[in-house]
Amino acid sequence: MWKFIHQLASPPHFYRIAAKMIPWFMVPALLLIGYGTYAGLFLAPMDYQQGDAFRIIYVHVPSAYLSMMAYMVMAISAGIGLIWRIKLSHAVAAAAAPIGACFTFLALATGSIWGKPMWGTWWEWGDPRLTSELIMLFLYIGYMALRGAIDDTVKADKASAVLALVGAVNVPIIHFSVEWWSSLHQGPTLIKEGGPAMDPAMLYPLLAMILGFTLLFGAMLLRRVRTEVLFRERRTKWVNELVLSGGK
Amino acid sequence: MTNEDSSVGLMSGVLGVARRDLLLAWKRPGDILNPLFFFAMVAALFPLAVGPSPEQLQFSGPAVMWVAALLAMLLSLNSLFLSDFEDGSLDQMLTSPVPLSALALGKTLAHWLTSGLPLVVVAPVVAVTFQMPFFVTGYLMLTLLLGTISLSLLGSVGAALTVGLHRGTALLSLLILPLAMPILIFGARTVSLVAAGDGAAGGLYFLAAYAVLTLSFAPFATAAALRISNE
């Protein structure tokens, strides 16, 4: 097991293994998202209050969840890179940031589209989760801006890792302080005592979408890390050989 | 060397750096005064933009003054490590036997004394122009006192990360502003709540807790960031 992990941390090895792993993430992700989309749009019953508008949760909830998850992946791998000086985990952090930012944007966009018919406005400052999602997007932007401003990759890795860790300490505090406002948002329905307060016909597509989005995130992350590794190792022998052999 | 010796070195490191920075600031009073004028000017922009209605000014006063204070703090943060970086003092600090985090704390202390504390002192003058009642002004000063401590400490991490980068100014704001939002929320909202007749204890407790949290973590993050920036 340890040997496997050690081998995984070596860039050429990772590059090969990741290529084999991507389909294992991608195929189930597409199947689950396909099922979730169809079941969510056609099979799930209408909500008695929100009508068809509720169906946007099938995109909104998974993206909001992944925006947090991607930040965690980013901060943890940045921390690992900083402490144990593993180059690969810095590459993971660098690759996770833009994906997380995209999911955050998607969560914001779908949240505001849902808000228009439900609240009557595109944007509602009184809603704590929408607001902390916006601050989340700002955190991602700051992280990527710092990375972009430093030319030296090693330095950029370490500096942005410090920022990611400081941000990770702050994320719960930001969330809590924004919660302090009055809330207009729906209370939690998925995770609460006595099981989810949702019809199974609505729930299963949502769970499928969450799992599918997570697998999709995994596939995109692996793909991005692969290119990141290739770029970072562009002066090494194995990349040279890879290019000369036509990518095999 | 005994244990006692090294702890004396720690304290004298913090105070020595703080004293040096205060002396430097004293020689260049513009560095202290300019952010204060900036604070007053940004605060004055809002009445000009919103209109002279006293009710509106009273309502928006706490928020406007807190935003202005936040921006003024950012303005002075940019130069926190810049001159040390340029004249090589930072290299001296990096090789000093005193832990870098202690020196960073000393610099942050001096920064707070020259930019945070003056804001707290000047705030009542600006508050008068916003028709803020006397006891609300007291709470404004208290929240600013606690909030600027955290801002100085949090900002020192950002300043250390961006020192030596040419595009530092806008970048520093991008890094620090999202992290500073809890301070802004609790600072401004607490004053608004007091103005509306509510209690302030919760907000003050939060600001104090956040100041303690940043005090215990930020110097180490700043030291790590300085090492990285100077590699």
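The values are calculated or read from the model by the stated rules, or taken from the named source; none is laboratory data. From a predicted model like this one, the values you see are computed outputs, not experimental measurements. Glycine gets a Cβ as well: all are built from the backbone with ideal geometry, and neighbour counts include every protein chain shown.
Could you please let me know if A:I141 is under 30 Å from A:I56 (Cα atoms) and within 11 Å of chain B (Cβ to nearest Cβ)? For A:I141, the condition - under 30 Å from A:I56 (Cα atoms) and within 11 Å of chain B (Cβ to nearest Cβ) - is met. Scanning region B:11-45 for residues that are among the aromatic types (F, W, Y) and in contact with a helix residue (DSSP H, G or I) (Cβ under 6 Å, 6 or more places away or on another chain) gives B:F38, B:F39. Of everything in region A:29-48 that is at pLDDT 85 or above and crowded, with 16+ Cβ neighbours inside 10 Å, the residue that is farthest from A:F103 (Cα to Cα) is A:A39. Among the residues of region A:49-56, is any buried (at least 18 other Cβ atoms within 10 Å of the Cβ) and touching a Gly at 6+ places or on another chain (Cβ under 7 Å)? Looking for residues that are buried (at least 18 other Cβ atoms within 10 Å of the Cβ) and touching a Gly at 6+ places or on another chain (Cβ under 7 Å), one finds at least one in region A:49-56, hence yes. Inclusion of B:L154 among residues that are touching a residue at least 24 places away in the same chain (Cβ under 8 Å), crowded, with 24+ Cβ neighbours inside 10 Å and in a helix (DSSP H, G or I) is warranted. Out of B:L226, B:L215, B:L207, one residue alone is in contact with a Gly (Cβ under 8 Å, 6 or more places away or on another chain), in a helix (DSSP H, G or I) and more than 9 Å from chain A (Cβ to nearest Cβ). It is B:L207. The set of residues in region A:195-226 that are free of Cβ contacts under 8 Å to residues at least 24 places away in the same chain and either under 30 Å from A:D152 (Cα atoms) or not in a helix (DSSP H, G or I) (or both) comprises A:G195, A:P196, A:A197, A:M198.
Is it the case that B:T190 is within 11 Å of another protein chain (Cβ to nearest Cβ), surrounded by 22 or more Cβ atoms within 10 Å (Cβ to Cβ), in contact with a Pro (Cβ under 9 Å, 6 or more places away or on another chain) and among the β-branched types (V, I, T)?
yes
Out of B:L171, B:L165, which single residue is more than 27 Å from A:S132 (Cα to Cα) and within 8 Å of chain A (Cβ to nearest Cβ)? Outline the logic, then answer.
On the way: B:L171 fails: more than 27 Å from A:S132 (Cα to Cα).
On inspection, the qualifying residue turns out to be B:L165.
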